[in-house]
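Novice: Pasting a structure here, questions to come.
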Amino acid sequence: MEEFKRAVAREALRFVEDDMIVGLGTGSTTAYFIEALGKLIMEGELEDVYGVPTSYQARLLAIESGVPVLGLDQVDAIDIAVDGADEVDPHLNLIKGRGAALTMEKIIEYRAGTFLVLVDESKLVERLGQKMPVPIEVIPSAWRAIAEEIEVFNATAELRMASKKDGPVITDNGNFILDARFHRIEDPLDLEIELNNIPGVVENGIFADIADVVLVGTEEGVKRLER
Ligand code: 5RP
C-alpha cells in the first residue's frame with residue numbers, strides 16, 4: 001500500500017506548475033505528495049509555488065519539507081488542491097475526515113480550481129459508508145444533542161476518542177468529532193446538505209460532487225478517474 005501511495009503522489013506532481021497556489025491535504029498519502037513537492041521546490045524544479053495547508057499536520061510537514069506556506073486568508077485563489085480520501089464511490093463522491101481535518105479540507109478543496117484526490121484501490125467502494133463511518137465535526141457542548149438528531153437518519157453516532165490524550169479528539173478548530181454509521185447512503189449530496197442543516201454541526205465528511213480527478217494506485221499502475 002505504501003508503494004501505491006508513493007506512486008500516486010509522484011503522479012500528482014505532474015499537475016503542479018510554476019506560480020501555482022496548492023491546497024495541501026492531510027493524511028499519509030498526501031504526506032508523500034508534500035514531501036515530494038518540497039523536494040522539487042528545493043531543487044529549483046518548481047518556482048513560486050506556495051502551499052495552503054488543510055491542517056497542522058500538513059502545515060508542519062510542508063515547512064519541514066521546504067514548501068512555503070500561506071494561510072487561506074492570504075491568497076486570492078487556489079489553483080489545485082491535492083488530498084487523500086477514506087472512500088471513493090463510482091461517481092467520485094468521497095468520505096473524508098479520518099484525520100479529523102475535514103472542515104479545512106472542504107473549505108480549501110471547494111475553492112480549488114482543480115481538486116485532485118490520491119488513493120489506493122482499497123478506498124474504492126460501490127456505495128459510500130460501506131467501510132467507513134461519516135465523520136462529523138460538531139460544537140463540543142452540542143455533541144449529544146447532535147448524536148440524537150443523527151439517529152433520525154437511521155444511523156448511530158459515536159464520539160471519537162483520542163488515543164494519546166484522555167477524552168475526546170479535539171480538532172484543529174477546537175471541536176469534537178462524531179463518527180456516524182448509516183444503514184445505507186442513497187444520495188450522498190442530499191445527506192451532506194441535511195447533516196450540515198443540524199444546528200451545531202460545523203461540517204461533515206461527505207464530499208459530494210467536488211472531486212475533479214482521482215488517481216488510484218493499483219497493482220497495474222496509477223489509474224486516473226475523472227468526473
Ligand atoms: C484526513 C483525511 C485523509 O485525507 C483521509 O483520511 C485519507 O488519509 P490516508 O491517505 O492516510 O489514508 O480525510 O482528514
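The values are calculated or read from the model by the stated rules, or taken from the named source; none is laboratory data. Bear in mind the structure is a predicted one, so any value in this text is a computation, not a measurement. When we count neighbours, we look across all protein chains shown, and the Cβ atoms used for this are built from the backbone with ideal geometry, even at glycine.
Novice: With the requirement that a residue be outside any strand (DSSP E or B), farther than 24 Å from residue 184 by Cβ and in contact with a Pro (Cβ under 8 Å, 6 or more places away or on another chain), what does the range 144-164 give you?
Specialist: Correct list: 162 only.
Novice: Can you confirm whether residue 35 is in contact (Cβ under 8 Å) with a residue 60 or more places away in the chain and surrounded by fewer than 24 Cβ atoms within 10 Å (Cβ to Cβ)?
Specialist: Against the criterion (in contact (Cβ under 8 Å) with a residue 60 or more places away in the chain and surrounded by fewer than 24 Cβ atoms within 10 Å (Cβ to Cβ)), residue 35 does not qualify.
Novice: Which pairs do you get when a residue that is assigned by TED's automatic domain parsing to the domain that holds residue 77 and at positive phi, found in the range 3-25, comes within reach of a residue that is of a type in the set (A, V, I, L, M, F, W, C) and surrounded by 14 or more Cβ atoms within 10 Å (Cβ to Cβ), reach meaning Cβ atoms under 8 angstrom, with the pair 6+ apart or on two chains?
Specialist: Cβ pairs passing all conditions: 19/49.
Novice: Which of the strands (runs of 3 or more DSSP E) contained wholly in the range 26-133 include at least 3 residues that are within 12 Å of the ligand (Cβ to nearest atom) and not basic (Lys, Arg)? First the steps, then the outcome.
Specialist: Details: elements: 50-53, 78-83, 112-120.
Passing ranges, in order: 78-83, 112-120.
Novice: Is it the case that some residue within the range 181-196 is closer than 30 Å to residue 16 by Cα and among the basic types (Lys, Arg)?
Specialist: Checking the range 181-196: not a single residue is closer than 30 Å to residue 16 by Cα and among the basic types (Lys, Arg).
Novice: Here is a further query. Residue check: is residue 88 surrounded by 21 or more Cβ atoms within 10 Å (Cβ to Cβ), touching a Gly at 6+ places or on another chain (Cβ under 7 Å) and of a type in the set (Val, Ile, Thr)? Show your work before the answer.
Specialist: On the way: surrounded by 21 or more Cβ atoms within 10 Å (Cβ to Cβ): yes; touching a Gly at 6+ places or on another chain (Cβ under 7 Å): no; of a type in the set (Val, Ile, Thr): yes.
No, not satisfied.
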